[in-house]
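All remarks here apply to the structure that follows.
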Amino acid sequence: MENQAASHALQIAVRGLVKRYHYHPVLNQLTLDIEHGAFCILVGSNGAGKTTLLRILASLSRADEGRIWIGGMLLGTSPLLRKRIGYISHHTMFYQDLTAIENLRHYARLYALQDIDEKIQAGIQSTGLTRAQHQPVRTFSRGMQQRLSIARALLHDPDILLFDEPYTGLDQEAAQSLDQKLNALHQAGRTILLAAHRPQRLISIASHVAWLNDGKIIQHIPTSRLADIPDLYHYLQEAA
Amino acid sequence: MSKKPTLLLLFDVLSLILIPAALILILFFTPVERVMGPVQKVFYFHVSAAWAGMLGFIFAGVAGAGYLITRRQTWDWLSLSAIEVGLVFGLIAILSGMIWAQPIWNTWWVWDPRLTTTAIMELIYLAYFILRSGLDTPEARARLGAVYAIVSVGTVPLTFFSIRLFRTIHPVVITTGGEGGAFNMSPRMLLAFFISLAVFTLLLADLVWHRYRLAELQTQNKQEA
Amino acid sequence: MKPLIRYLNTIWQITRKDIQVEWRGRQGVPVMLVFALLVVFLFNFALQLSPELQAGLASGLLWVSLAFASTLGLNRSVSLERENNAMDGLLLAPVDRSAIFFGKSISNFAFTCLVAIILLPVFSLFYQQNMLSLPLIGIILLGVAAYTSLGTLLAALSIQTRTRDVLLPVLLYPLALPILIAAVESSRGVLSGQAFADLQSWVYLLVACVVLFNAAGLMFFETILEE
Amino acid sequence: MPANTLNDMILGFAVILGVLLIYVLTLVIRTRRARVQRERNQQNPD
């Protein structure tokens, strides 16, 4: 029960998480605490389980063992919990035949939002897709689709953001704009967990780094203390 | 793999003794049916095999539910084993039914709805193995296999009801009337019938158990490899 | 918003999105329709149907062509959600996942019914009997509802395999047998002018199928979709 | 007078027992193969 008491103060609390593929644990007794308003970068090599962890937190995938509290509520108890989560993955989740506006409207309706049109316009403008908004997503480049995904994930103003490699496909300009957006979200008190293969550019704006290796979080420290952990420091240097 | 349990050994020995015993009982101590002649004696094993197959499929559905509730792979092994053995018994029921139909109805295959749906049941459970072979992880095989086993067993009553409604030339065995190939069973016939049922049920349990141990062994091999 | 209203709203949003995609791309219903007509023609020649036989076989042909055509729609419906992992977007919605099943099931139902509506006058023309009767339409609605709910469930299963959409017919047709028997028999009865009392068992069987397969979707859809 | 269907009866039981026997054989073979594999795994565990 002390677990539960502790978890109320945290935004994300993960205890003893296990997920197996082919009987082999990808996540092995993983434990992770993320405080309110933290901006945590999840680092680790390919296949370390970053995507699996984020998918389980977004309740897209089911854990074999362990418990997860989101904002003090046990994950899996209520579908309403998903309202608090914004999620971006490698896949854009868009319907190719629908326009950008129609796709966003569909997602806004699934979240049963109010003032849908204003929110969609705000999202479209902030990602610079105004000119293409009435074109089918099929005609979008990978980078444009990725920008639209970011707008989609933020549409319902979630307070927990789970971003899986959000820089994929973005050009320099769009990447910088994403940096600014992440910074603004962090300043506004949102909790961010972002998986990045090459996290270098984010270290200056993030508050924490969590290192996922062998199915466990082996280091989880504030970015200010990075220099104290030579292993992690070297790892980040090499990854860059 | 764990050592062979004594109970399983007992099942093996009992099956080996009881199958010949039931066969002797059927061949020499049951009366010859007065219209159909000796071929009617196939009926005891035919119905028993159909019964065992059905029991296996029902059990597979229950084990599937067990898997979805507990998520322990032992339930998946049970479900898989019961379906495989159930398929074998279903095949026996169909083949022996055809052999019985040949002299009585003068044709190997009749589109009798009950025969047809037994064949359909075989197809349903063959598809179970195709489904499993198309899935990549053992976890997905167990989870989707369990759902499919439960849904399949749920449709069985509907299939049977639809057959009842269809006019059937298949004999309705347990009746007192004598319409369309049905016959009345004497006490000795009944005794042989129920003993056959019991023997085949035991054989089902025995084979499922062996198949289960094979699944366990194969999984351990894969885990180590 | 009340939970039930939110649930129903989600179902409607998913159905509406499917209809919108179909309207934009028109990649489902026209293909289904042409395929259904092809099945009718092929069977007619393959079975060398004489005019007397044709009348009796009309209901069987109607259901076979509908069942085949519907399979195409079911595959298309699920592969649509696979592209770009759009299904994840639905799974993220803050509502019980069985709503996704009902949403997809209803759009599949609507598309197959649309095909049936166009097929009925064509059948009436080909087989010289009026098939636009209310009882027959009622039976079609029931039969298609049962078939597409089972089909949606199994399509979600088969799409996760390596063989993908090839597997769906193998899973669906044997399990759909009671639906097809009941639908064909009751349609035949209606077309030959039998009283409802003679057909009610078949109709009740169809109702039972609708209830059972929707209950299965309600119970298992989330389990099927989770990884 | 019962029909003379003795041969059909013999065929029937032969098929029933034959299918059972074949299945049992496949079980035995598969189990034996798995055991050999297991022993091989245990001899060089890597």
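The values are calculated or read from the model by the stated rules, or taken from the named source; none is laboratory data. Keep in mind that what you see is a predicted model, and the values were worked out from it rather than measured. Backbone-built Cβ (ideal geometry, glycine too); neighbour counts: all protein chains shown. Only protein heavy atoms, including side chains, enter the accessible area calculation; ligands, DNA and RNA are left aside. Shrake-Rupley method; radii C 1.70, N 1.55, O 1.52, S 1.80 Å.
Some notes on this structure:
- Residue that is open to solvent by less than 10 Å² (accessible area, probe 1.4 Å) and either closer than 24 Å to A:I120 by Cβ or not hydroxyl-bearing (S, T, Y) (or both), where the choices are A:A210, A:A188: A:A210
- Answer residue from region A:56-84, given it is open to solvent by less than 50 Å² (accessible area, probe 1.4 Å) and within 7 Å of another protein chain (Cβ to nearest Cβ) and is farthest from A:H197 (Cα to Cα) among those: A:P79
- Scanning region B:95-119 for residues that are under 15 Å from the mean Cα position of the chain (by Cα) and crowded, with 21+ Cβ neighbours inside 10 Å returns B:S96, B:G97, B:T117, B:T118.
- In region C:9-23, the qualifying residues are those that are facing chain A (nearest Cβ under 7 Å) and crowded, with 21+ Cβ neighbours inside 10 Å, and the one that is nearest to A:D97 (Cα to Cα) is C:V21.
- Residues satisfying the criterion are present in region C:122-139 (criterion: crowded, with 24+ Cβ neighbours inside 10 Å and either touching a residue at least 24 places away in the same chain (Cβ under 8 Å) or in a loop (DSSP other than H, G, I, E, B) (or both)).
- Filter result (open to solvent by 10 Å² or more (accessible area, probe 1.4 Å) and farther than 17 Å from C:A156 by Cβ) within region C:96-121: C:A110, C:C113, C:L114, C:I117, C:I118, C:P121
- Restricted to region A:122-167, and to residues there that are under 30 Å from A:A48 (Cα atoms) and part of a strand (DSSP E or B), the residue that is farthest from the chain's Cα centre (by Cα) is A:I160.
- For region C:208-227, the candidate set comprises residues that are open to solvent by 60 Å² or more (accessible area, probe 1.4 Å) and assigned to a helix (DSSP H, G or I); within that set, the residue that is nearest to C:I159 (Cα to Cα) is C:E222.
- Of all the numbered requirements in (1) over 12 Å from the mean Cα position of the chain (by Cα); (2) more than 14 Å from chain B (Cβ to nearest Cβ), C:L141 misses one, and that requirement is (1).
- Qualifying residue in region C:66-82 (condition: polar (S, T, N, Q), within 11 Å of chain A (Cβ to nearest Cβ) and either at positive phi or surrounded by 15 or more Cβ atoms within 10 Å (Cβ to Cβ) (or both)): no
- Long-range neighbours under 6 Å by Cβ, at least six apart or interchain, first residue open to solvent by 10 Å² or more (accessible area, probe 1.4 Å) within region A:148-160, second assigned to a loop (DSSP other than H, G, I, E, B) and of a type in the set (D, E, K, R): A:D159/A:R190
- Qualifying residues in region B:128-143 (those that are touching a residue at least 12 places away in the same chain (Cβ under 8 Å) and more than 17 Å from B:T219 (Cβ to Cβ)) - the one nearest to the other protein chains (Cβ to nearest Cβ): B:L131
- Pairing residues of region B:151-163 that are touching a residue at least 24 places away in the same chain (Cβ under 8 Å) with residues that are of a type in the set (F, W, Y) and crowded, with 22+ Cβ neighbours inside 10 Å, at Cβ distances under 6 Å and at least 6 apart in sequence or on separate chains, gives B:V153/B:F57.
- Just so you know, in region A:115-137 the residues that are open to solvent by less than 60 Å² (accessible area, probe 1.4 Å) and within 14 Å of chain C (Cβ to nearest Cβ) include one that is farthest from A:A175 (Cα to Cα), and it is A:I116.
- When D:L6, D:L17, D:L27 are checked against the criterion of being of a type outside the set (D, E), closer than 21 Å to B:S81 by Cα and either more than 7 Å from chain B (Cβ to nearest Cβ) or open to solvent by 70 Å² or more (accessible area, probe 1.4 Å) (or both), a single residue qualifies: D:L17.
- Among the residues making up region B:33-78, a single one is of a type in the set (K, R) and under 18 Å from B:L95 (Cα atoms): B:K41.
- Any hit, region A:20-39, residues being open to solvent by 10 Å² or more (accessible area, probe 1.4 Å), more than 14 Å from every other protein chain (Cβ to nearest Cβ) and of a type in the set (S, T, Y): yes
- C:L62 vs. criteria open to solvent by less than 50 Å² (accessible area, probe 1.4 Å), at pLDDT 90 or above and touching a Phe, Trp or Tyr at 6+ places or on another chain (Cβ under 7 Å): yes
- Restricting the first member to region C:203-219 and to residues that are without any contact (Cβ under 8 Å) to a residue 60 or more places away in the chain and within 10 Å of chain B (Cβ to nearest Cβ), and the second to residues that are assigned to a helix (DSSP H, G or I) and buried (at least 21 other Cβ atoms within 10 Å of the Cβ), the beta-carbon pairs closer than 6 Å and six or more apart or on different chains are C:L205/C:A182.
- Per the conditions (1) touching a helix residue (DSSP H, G or I) at 6+ places or on another chain (Cβ under 7 Å); (2) closer than 24 Å to C:L61 by Cβ, the sole criterion not satisfied by C:L167 is (2).
Results for (1) among the β-branched types (V, I, T); (2) open to solvent by less than 10 Å² (accessible area, probe 1.4 Å), shown as yes or no for each residue.
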site: B:T6; (1), (2): yes, no
site: B:V13; (1), (2): yes, no
site: B:V32; (1), (2): yes, no
site: B:G37; (1), (2): no, yes
site: B:F45; (1), (2): no, yes
site: B:F59; (1), (2): no, no
